[in-house]
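Below is one structure, written out as structure tokens; comments come after it.
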Amino acid sequence: MLHQQVPAAPLSAFVALLWTSERGTLPHARERKLPTGCVDIVIPLLQPAITRFADESDAVGQVFRGGVVQGAHDQAVVRGTGGPSCAVGVHFRPGGAAALLGGALADLRNRTVALDGLWGTDADDLRDWLQHAPDAPERLRRLEAFLIRRLRPGAAPDPLVADALARFRQHPALAAVSPLQRASGLSPQAFTARFERAVGLTPKRFARVQRFHSLVRRLAAGQAANWAEAALDAGYADQPHLIRDFGRLAGITPGAYRPVSAEQPEHVALEKRPIRPLPASLR
């Protein structure tokens, strides 16, 4: 079961969504998480650790005790989904994570790191507090209260970056960096550095992910029956351009894209578990 909450001000300027989920064992051991260009925090409450894999062929993976920060990605992440789970998470707005995680977002690009590496013992204290919450709504209330306490007084998104992000969101299929850079009055290098410092991706990388993400959401909703039309509608030059870009960002072809659900278009199941026959005594 998934519970979501849009945070109240002043946190809403930085965080898009707080969530908590509880589930049993899934029929698949791993998922491919497609990029959104945003930063996330994930804190496991039932299982002791989170596992991330370099790719599908990685049999061992990297184990993170406690919570993790997933930096802004422009490529897919392979994550372990084995066993029952209870977790909480923070989905930051583009440009919002710096207020709570510091300004080294570019160093987190396409990386997952332990939350206690950024927050120290506060990360362990938060996890313990959340584990002792009596129910899902209280977990979300505690998470929101903790984040508000960590928010430095007077924190605000970079207005120049916020304007660029709003334009990207308005027309993801037509997103172009050069007009935004010229309107900012900054040199290309200065504009790119300022955007990357706030978002974690360069403007070109972010625009590419937004175009891809808008396409993925349409595919998951069943709104793209014709690939040539889908390519043009999403802002790709043609169908081969769409296929190449999809492969680079998702690690799979568009035809192989099968989301876990329409409500979770960024999640693609991997490694389905074999169905074991019932013992003779139970047939």
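The values are calculated or read from the model by the stated rules, or taken from the named source; none is laboratory data. Everything numeric in this text was worked out from a predicted model, so none of it was measured. Ideal geometry is used to build each Cβ from the backbone, glycine not excepted, and the neighbour counts take in all protein chains shown. Ligands, DNA and RNA are excluded from the accessible area calculation, which covers all protein heavy atoms including side chains. Shrake-Rupley method; radii C 1.70, N 1.55, O 1.52, S 1.80 Å.
Mean shadow of region 58-159, computed from the convex hull of its alpha carbons, in nm²?
For region 58-159, the mean projected area of the Cα convex hull comes to 8.0 nm².
Counting heavy atoms of the protein chains only and a 1.4 Å probe, report the per residue accessible area for the chain as a whole number of Å².
50 Å²
Can you tally the net charge around Arg65? Count Lys and Arg as +1, Asp and Glu as -1, for every other residue whose Cβ sits under 12 Å from the Cβ of Arg65.
Spelling it out: positives minus negatives among the neighbours equals -1.
Using C-alpha positions alone, give me the convex hull volume of region 1-105 per residue in cubic angstrom.
Here the figure is 105 Å³ per residue.
At a 1.4 Å probe, what is the % contribution of carbon and sulfur to the accessible area of the chain?
53 percent
Stretch Ser261-Gln75 to full length: gain in nm at 0.36 nm per residue minus the Cα-Cα span?
65.0 nm
Any idea how far the Cα center of region 153-184 sits from the one of region 185-246, in Å?
14 Å
Can you run phi through the Karplus equation (6.51, -1.76, 1.60; θ = phi - 60°) for region 118-126 and list ³J(HN,Hα) in whole Hz, with x for Gly and Pro?
Listing the rounded values in order: 9, 10, x, 5, 4, 5, 5, 4, 4 Hz.
For Arg217 and Asp135, calculate 0.36 nm times their separation in residues minus their Cα-Cα distance, and state this gained length in nm to one decimal.
Result for the pair: 26.4 nm of gain on full extension.
Just the Cα atoms of region 118-250, one point each, no solvent: what log10 I(q)/I(0) does Debye give at q = 0.14, 0.18, 0.19 Å⁻¹?
-0.85, -0.98, -1.01
Hull surface divided by four, with the convex hull built on the Cα atoms of region 8-64: how many nm²?
5.6 nm²
May I ask you to derive the relative contact order of the chain, considering only C-alpha pairs under 8 Å and at least 6 residues apart, and to give it as an integer percent?
Computed over the chain, the figure is 22 percent.
What area, in nm² and to one decimal, does the C-alpha convex hull of region 140-206 cast on average over all directions?
5.9 nm²
Summing Lys, Arg as +1 and Asp, Glu as -1, what charge do residues with Cβ under 14 Å from the Cβ of Gln47 carry, Gln47 excluded?
That sum, taken over residues with Cβ under 14 Å, equals +4.
Which of these, Ala59, Ala114, Ala234, has the largest mean-square fluctuation under a Gaussian network model of the chain (Cα springs below 10 Å)?
So, out of Ala59, Ala114, Ala234, the one fluctuating most is Ala59.
I need the Debye-formula profile for region 101-174: one equal scatterer per C-alpha, no solvent, reported as log10 I(q)/I(0) at q = 0.13, 0.18, 0.19 1/Å, two decimals.
-0.63, -0.98, -1.02
Scan around Leu201 for amide H atoms under 5 Å from its own, H built in the peptide plane at 1.01 Å from N, and keep only partners 5 or more places away or cross-chain.
Amide H neighbours of Leu201, under 5 Å, 5+ apart: none.
In nm, to one decimal, how far is the modelled label at Ala269 from the one at Ala59, with both set 7 Å along Cα→Cβ?
2.4 nm
Where does the chain land on Rg(C-alpha)/(2.2 N^0.38 Å)?
1.05
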